[in-house]
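Worksheet for the structure shown next.
Rule-based calculations on the coordinates, nothing more; no lab input. Predicted model, so just to flag it, every value in this text is computed and none were measured. Note: ideal-geometry Cβ built from the backbone for every residue, glycine included; neighbour counts use all protein chains shown.
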Amino acid sequence: MLSVSGLKRPGLKPITFTLNAGECFTISGPSGSGKSLLLRALADLDPNEGDLTLDGRPRETFSGPEWREQVIFFAAEPGWWADHIGEHFDDFHQAHPYLNRLGLPEECKDWSVSRTSTGERQRLALIRGLIKKPKVLLLDEPTSALDAEMTTAVENLIDERRSEGAAIIWVTHDTHQADRMGSRRFTIISGNFSETVE
Amino acid sequence: MNYVTLTYWDLVFTSLLVLLNAGISFAFRLDIGGKLLIAAARAVVQLLLMGLVLKTLFSLSSPLWTGLAALFMVLFAGREIMARQKRKLSGIWAYGLGTATMMMASIFVTCVALATVAPTPWYDPRYALPLLGMIIGNTMTGISLGLHNLIETLSRDKSSVEAQLALGATKWAAMLPTIRNALTTAFMPIINSMSAAGLVLIPGMMTGQILAGADPMDAVKYQILIMFLIAGGVALGSLSAVLGGVFRLTDSRHRLRLDRLEPISKSQ
């Protein structure tokens, strides 16, 4: 689904891999080793070079926004551009099926962003992206601010998406999470990307 | 003309007020007495020089020299725009964007003004230079406020702009609130001064014309004209500067490119 060949950007050695539909790659490594830089380059949010294709179609044939609608980057600290949660959704009804599963009430539509907790924002940002039905999900520590129960809920939700044919890249510090979620596991250490071999 | 000509002794006499002020701040150790005296001395020297330059330019009434004076004013104002930015665009853009947009806006609006007032000859420096000066002064403020606000907001709210881009928004959709905010800031001074004109303040130019013996209604007409010109110059200049800034700080792949700002200097 997502094929990456010779991806280069400052802070990373060239990277090549193929991520198929229904696969989940996990990436771990020390802070500042380049995990977020890789996700940002894959989403084309920072200047980078390399041959990337999505379902065989080269990235250059997509506009930036078209590419990023299909390959969504979920930042570790998601940004918010309006005062209330509901304003960040085209149609908040689309969020309803997810809210309950992630322990959020429907009234959160009217919550003010500044009064939500880090964990609530993390889950809401996940929903905000999931309803766009991206083909590739680039998750940057999506459960870092969640308790065990909500971590499981998020893992199940993402796994469901994976089994429906989405491709996932999941950055995590938690080796147990990497074991649970990863169909293949990778590390980045000082910009070197490599597969973890047992 | 029927106005009272001032002698230099009149100025010496009124300068006692400045000295009095400086004396008070020295007495209370306010630390600004020195600055006040230097500023007053600068004003005297700069204005006397300007008087000499204008006198020469008026007597020459040459398109070449008038044009050179105009160019000098524009380039100097461009430097001022750059100096007012806390974080600058990198490279030639730091000076170029503000200067180019201000030059475009102020020269265009001055031409509109000269076409309206229609002095003979049309480049008569007695009209062209003061009009250009007033337009430049205000356009410069608008552009520096607009650019400053744009850059500050983008540096502060990077994550909220990128959150929209990451979900597939175009750069224009993601930047619209920022653009709106920057333009509101840029337009605020001229909107305020138009709203307050005639109620709170008698604008400086009108005061001058009235002192010089003009009919108050004639002075009012000039003042309204100049305010419209300024509004036009500010709008045109800050709109093109802010859009130019957005153009430079994003790219064709709709990414936010804050790497095109000068790095934050550590000395600040």
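Some observations on this one:
- Kirkwood hydrodynamic radius of the protein assembly as shown, from inverse mean 1/r over distinct Cα pairs, in Å: 26.7 Å
- Bridge type composition, region A:2-195 - antiparallel percent by DSSP, nearest 5: 50 percent
- Residue exposure sequence - A:24, B:111, A:108 - by fewest surrounding Cβ within 10 Å: B:111, A:108, A:24
- Across region B:1-60, the convex hull enclosing all Cα atoms gives 83 Å³ per residue.
- Within straight-line cross-link reach of residue B:86, aspartates and glutamates at Cα separation under 18 Å, skipping those fewer than 8 residues along the same chain: B:152, B:157, B:259, B:262
- In this simple spin-label approximation, residue B:9 and residue B:122 carry label points 7 Å from Cα along the Cα→Cβ vector, and these lie 4.8 nm apart.
- Using alpha carbons only, the radius of gyration of region B:159-251 set against its Kirkwood radius gives Rg/Rh = 1.23.
- In the frame of its principal axes, region B:62-260 has Cα extents of 63, 40, 26 Å, reported largest first.
- Legend: calculated FRET efficiency, residue B:211 to residue A:77, from the Cβ-Cβ distance at R0 = 56 Å, rounded to 0.05, equals 0.40.
- Extension gain for the segment residue B:158 to residue B:52, taken as residue separation times 0.36 nm less the Cα-Cα distance, is 33.2 nm to one decimal.
- Across region A:2-195 the C-alpha pair distances fall into 10 Å bins from zero in the proportions 9, 37, 36, 17, 1 percent.
- Loop-located trypsin sites (Lys or Arg not before Pro) in region B:203-268 (DSSP state other than H, G, I, E, B) with a sparse environment of at most 12 neighbouring Cβ atoms within 10 Å: B:266.
- Each label was represented as a point 7 Å from its Cα along the Cα-to-Cβ direction; for residue B:83 and residue B:62 these points are 2.9 nm apart.
- Axis angle, to the nearest 10 degrees, between helix A:118-130 and the longest C-alpha principal axis of chain A: 70 degrees.
- GNM flexibility winner over chain B from B:238, B:90, B:252 (Cα, springs under 10 Å): B:252
- Mean Kyte hydropathy of 0.0 or more with a Cα span along the axis of at least 15 Å, helices from DSSP in chain B: B:8-27, B:33-60, B:63-83, B:93-117, B:125-156, B:171-196, B:216-248
- Remark: the residue A:110-residue A:173 segment gains 19.4 nm on full extension, using 0.36 nm per residue and subtracting the alpha carbon distance.
- Among the listed pairs A:35/B:171; A:13/A:133; A:109/A:132; B:55/B:221, those with a Cα-Cα distance over 19 Å are A:35/B:171; A:13/A:133; B:55/B:221.
- Charge sum, other residues only, whose C-beta stays under 12 Å from residue B:161's C-beta, Lys/Arg counted +1 and Asp/Glu -1: +3
- Gaussian network model of chain B, Cα within-10 Å springs - most flexible of B:210, B:32, B:179: B:32
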